[in-house]
Each structure stands twice: as C-alpha cells, then as structure tokens.
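Heads up: the structure comes next, in structure tokens.
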Amino acid sequence: MSDIEGLLRQIQSELDLDRETEQKVLAEIRTHLEETVIEAMSAGMSLEEALAQAAACFGVAPEVGQALQAAHAGWATADAVVAAGLPVLLALVLRWLVFAPDGTAIGWQQVLVGPAFWAVALAALLVPLLKFERWRYALVSWGFFWVVTVIFVLGPALRW
Amino acid sequence: MLSVRQQMRKGTTTLVVLKLLVDRGEPMYGYQIIRHLEERSDGYFQFKEGLIYPRLHQMEREGLLRSEWLGEPGTRRRKVYAVTEAGLRRLEEELAQWRTFRATLNRMLDTAPESAS
C-alpha cells in the first residue's frame with residue numbers, strides 16, 4: 001500500500017517528537033488508513049480506487065502532521081520537569097526529616113521507625129510508576145536526578 | 001473562510017466525541033469514532049478524517065480521555081479511547097452550555113421581524 005506509506009511520510013516530515021511517541025502516532029494513523037482501504041475494497045473498489053478514496057477522505061497530510069505536532073508539543077517538557085523535580089523535592093524532605101539544619105543526624109535511628117520517613121521513601125520509590133507520556137525518558141531523568149540529588153543534597157550531610 | 005457548517009463542526013467536536021463515547025459505553029478507536037459520528041449526523045458532519053486524531057490526542061492531554069492499545073504485537077493494533085471522570089464533567093458542562101446556546105439562538109431566529117413603522 002504505497003500511497004499509505006507516502007501519506008505517513010508526509011505526516012512524519014511535520015513531526016518533531018521523540019521516537020517512541022512518533023511511532024505510536026504513525027501506527028495509529030496507519031491502522032486508520034488500512035481500515036479505510038479494506039472497507040472500500042469490501043464495498044467493491046479496486047485497490048487503487050480504495051487508496052485514492054482513503055487519501056481523499058483523510059485530508060491534507062502535512063496539515064494533519066502539523067496539527068498532531070501541535071497537539072503533542074509540550075508533553076515532553078512537562079514530563080521532564082516532573083521527573084526531574086520530584087526526586088529533588090523528595091530528597092529535600094528526607095533531608096529535613098533525618099538531618100538537623102547544621103547537617104548532623106543525631107537521633108536518626110528514631111526517624112527511621114517513624115511513619116513520615118517511610119511514607120516519603122515509599123513515594124520516592126513509586127514515582128517511576130506514575131504514567132508519563134514519555135515514560136522511558138522520564139525514568140532516565142528520574143534516575144539521573146536522584147543520583148545528582150543524593151550527591152549534592154544528602155552527600156554533604158553524611159558527615160556522621 | 002470557514003462555512004457555518006465547518007465552524008459549527010470545529011466548535012463542537014469535543015462535545016460530540018465525548019457524547020458518543022459515553023453513549024456507546026465502551027472504548028472506541030479513531031476509525032470507529034469517525035464512522036459513528038458520520039452515521040449519527042446522517043452524513044452532515046463529514047470530517048477530514050485525519051484531523052480527528054490531533055483532537056483526540058489533545059483531549060487525552062487535557063485529561064478528558066484515556067487510551068490504551070489493543071491487539072498483539074505483529075497484528076493490527078488499535079488505540080482505543082474512553083472518557084475519564086474529567087471528561088464526564090466536561091461533557092455535562094458543554095451540554096448545559098450548548099442547550100442554553102441553542103435555546104437562545106432559536107428564540108433569536110424564530111422572532112418575527114419587527115414591522116417597519
């Protein structure tokens with residue numbers, strides 16, 4: 001179905017998304033076009049006629065590509081901000097729970113048996129399970145910022 | 001310049017998609033949604049089919065719809081959409097606004113022209 005591939009290429013040329021999102025968007029459009037062609041052929045059209053009708057009903061491919069790009073713009077940024085910000089926030093809360101302002105951790109053993117510490121720790125572990133649109137990217141960001149945060153926020157306080 | 005029909009369609013796509021999904025009571029994929037909307041409107045609303053997908057994705061982004069992929073890898077997979085709680089709330093709001101708009105417009109259009117004095 002070469003015309004379908006042509007339409008998909010025109011749409012793809014308008015997209016500037018991450019690979020995973022782009023593939024999902026194109027897969028959805030491909031399914032739509034294939035179903036349109038199959039329905040037209042089952043109504044008695046030849047393959048060429050069905051492809052032509054599918055293309056005509058679909059609309060102007062670059063216009064659809066631009067609209068798809070606009071619909072997806074900004075998702076990645078929001079994911080990245082959340083993925084990067086949550087570990088920092090949670091690490092600061094953990095630091096506040098465990099360490100005194102001067103960086104000492106006298107009595108930290110008592111903190112470990114309190115529910116607040118474990119609630120925050122559990123929330124930190126569950127962050128990757130949140131549904132991000134670009135979850136792989138978010139997960140990598142989450143891991144990276146956890147390491148950076150531990151080094152720069154918790155690290156200096158580990159003098160005890 | 002958009003015709004009245006095009007303007008009406010553009011402004012009501014979110015409403016009619018939400019209503020369709022709620023009425024059907026089951027997740028639907030884009031192709032199904034388009035066909036049912038055309039059927040419901042007796043062909044009056046003929047969409048440029050490709051443009052339904054940006055709208056569905058936008059609605060998903062706004063939290064009005066949720067989606068999932070059905071089908072095994074290697075087969076034809078379909079992305080189906082269902083209405084969220086936020087989508088149900090939006091539907092109620094938009095239906096109320098639409099009823100008010102329709103009633104007002106009907107009153108305005110049905111009013112007999114004032115006789116020239």
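Readers should treat all values here as calculations from the given coordinates under stated rules, not as data from a laboratory. This is a predicted model, so every value here is computed, not measured. Because the Cβ atoms are built from the backbone with ideal geometry, glycine has one as well, and the counts that use them run over all protein chains shown.
Here are the numbers:
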| item | result |
| --- | --- |
| Test item: A:31-43 mean partner chain Cβ contacts at 10 Å | 3 |
| Per DSSP, loop trypsin sites (Lys or Arg not before Pro) in the stretch B:1-101 with at most 13 further Cβ within 10 Å | B:ARG76 |
| Rg/Rg_ref, chain B, where Rg_ref = 2.2 N^0.38 Å and atoms are Cα | 1.30 |
| 14 Å tail of the calculated P(r), the stretch A:2-72, as % of Cα pairs | 57 percent |
| Point-charge dipole on Cβ atoms (K/R +1, D/E -1) for the stretch B:4-110, about Cα centre, debye to 20 | 280 debye |
| 3J(HN,Hα) from dihedral phi, the stretch B:60-70, Karplus parametrisation 6.51/-1.76/1.60, rounded to Hz, x for glycine, proline | 5, 4, 6, x, 7, 10, 10, 9, 8, 9, 10 |
| 5 angstrom amide H check on B:TYR81, placed H, neighbours 5+ away | B:MET28, B:TYR29 |
| GNM flexibility winner over chain B from B:GLU94, B:GLU72, B:GLU62 (Cα, springs under 10 Å) | B:GLU72 |
| Choice from B:LEU105, B:LEU56, B:LEU70 with maximal GNM fluctuation in chain B (Cα, 10 Å cutoff) | B:LEU105 |
| Residue with peak Gaussian network fluctuation, chain B [Cα springs, cutoff 10 Å], from B:GLY30, B:GLY43, B:GLY71 | B:GLY71 |
| Dipole magnitude (debye, nearest 20) for the stretch A:2-72, charges at Cβ of Lys, Arg, Asp, Glu | 40 debye |
| Angle between chain B longest axis and helix B:30-40 axis [Cα atoms, degrees, rounded to 10] | 30 degrees |
